[in-house]
Structure formats: C-alpha cells, structure tokens
C-alpha cells in the first residue's frame, strides 16, 4: 500500500524511481512507494524532470500542482501534490497500480 502523508501545502507522494528504463510509466507499488520508470538517465536532474512529467500526465495534474519535495539524488523521492485531496490522489494511484498489475 502506498503511504500518502499530509503536508501543509498538499499531499506527499512517495515514489521509487527507476531511471534508464526502456519504457516510461507506472510499474506498480514497492515498499510503500509508487514505482515509476523513466527512460532518462539519472544525470543533471534529467530523470527527475522525466518523473515529474510522467506523474503529471498519469495523475492528470497541471505543472503547478506537482513538484519534487525531497530525494533529488536518491531513488526514493517524495513529490508534493497540490490541489488534490488525499482521498482523490489515493483513488487515482489505486487505479494506476491496478492497471500496472494487469499489464
């Protein structure tokens, strides 16, 4: 189960990054985090930018609604999501994880 936590500005989403993958997308859940693959290498923040784009797209967010909160150089990251309730975010993530399991 993905552990979302409250933040004064929104909700913190834990993400386990997999940079340098063949295909970008949500892979499922791992150790309480959403596992996301990106094709970009972990150099000069390229993977972080790619993660932001993948998350923004799959969670149907605007650019201003999501940002990297911590873990800039780690595979374990936390993204701050604004303008979405914790319950709504949990619902969107559950759908993504369910789709990832089927593929």
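Scanning segment 80-100 for residues that are in contact with a helix residue (DSSP H, G or I) (Cβ under 8 Å, 6 or more places away or on another chain) and either more than 17 Å from residue 26 (Cα to Cα) or exposed (fewer than 13 other Cβ atoms within 10 Å of the Cβ) (or both) yields 82, 83, 84. Being touching a strand residue (DSSP E or B) at 6+ places or on another chain (Cβ under 7 Å) and surrounded by fewer than 17 Cβ atoms within 10 Å (Cβ to Cβ) holds for only one residue in 70, 74, 103, 33, and it is 70.
Give the residue that is nearest to the chain's Cα centre (by Cα), with candidates limited to residues of segment 5-17 that are buried (at least 16 other Cβ atoms within 10 Å of the Cβ) and farther than 18 Å from residue 44 by Cβ. Filtering first and then ranking leaves 15.
Mind listing whichever residues of segment 40-79 are in contact (Cβ under 8 Å) with a residue 60 or more places away in the chain and touching a helix residue (DSSP H, G or I) at 6+ places or on another chain (Cβ under 9 Å)? Before the answer, list the steps.
Of all residues in segment 40-79, those in contact (Cβ under 8 Å) with a residue 60 or more places away in the chain come to 69, 76-79.
77, 79 - these are the residues of segment 40-79 that are in contact (Cβ under 8 Å) with a residue 60 or more places away in the chain and touching a helix residue (DSSP H, G or I) at 6+ places or on another chain (Cβ under 9 Å).
With respect to the conditions (1) surrounded by 13 or more Cβ atoms within 10 Å (Cβ to Cβ); (2) in contact with a strand residue (DSSP E or B) (Cβ under 9 Å, 6 or more places away or on another chain), residue 53 falls short on a single one, namely (2).
Tell me, yes or no, whether segment 76-91 has at least one residue that is at pLDDT 95 or above and more than 20 Å from residue 4 (Cα to Cα).
Pass one, segment 76-91, residues at pLDDT 95 or above: 76-91.
Retained after the next criterion (residues that are more than 20 Å from residue 4 (Cα to Cα)): none.
Scanning segment 76-91, I find no residue that is at pLDDT 95 or above and more than 20 Å from residue 4 (Cα to Cα), so the answer is no.
Residues of segment 18-29 that are more than 10 Å from the chain's Cα centre (by Cα) and crowded, with 16+ Cβ neighbours inside 10 Å: 18, 19, 21, 24, 27, 28, 29.
The values are calculated or read from the model by the stated rules, or taken from the named source; none is laboratory data. Model, not experiment: these values are computed from the prediction. Neighbour counts run over all protein chains shown; Cβ positions are idealised from the backbone, glycine included.
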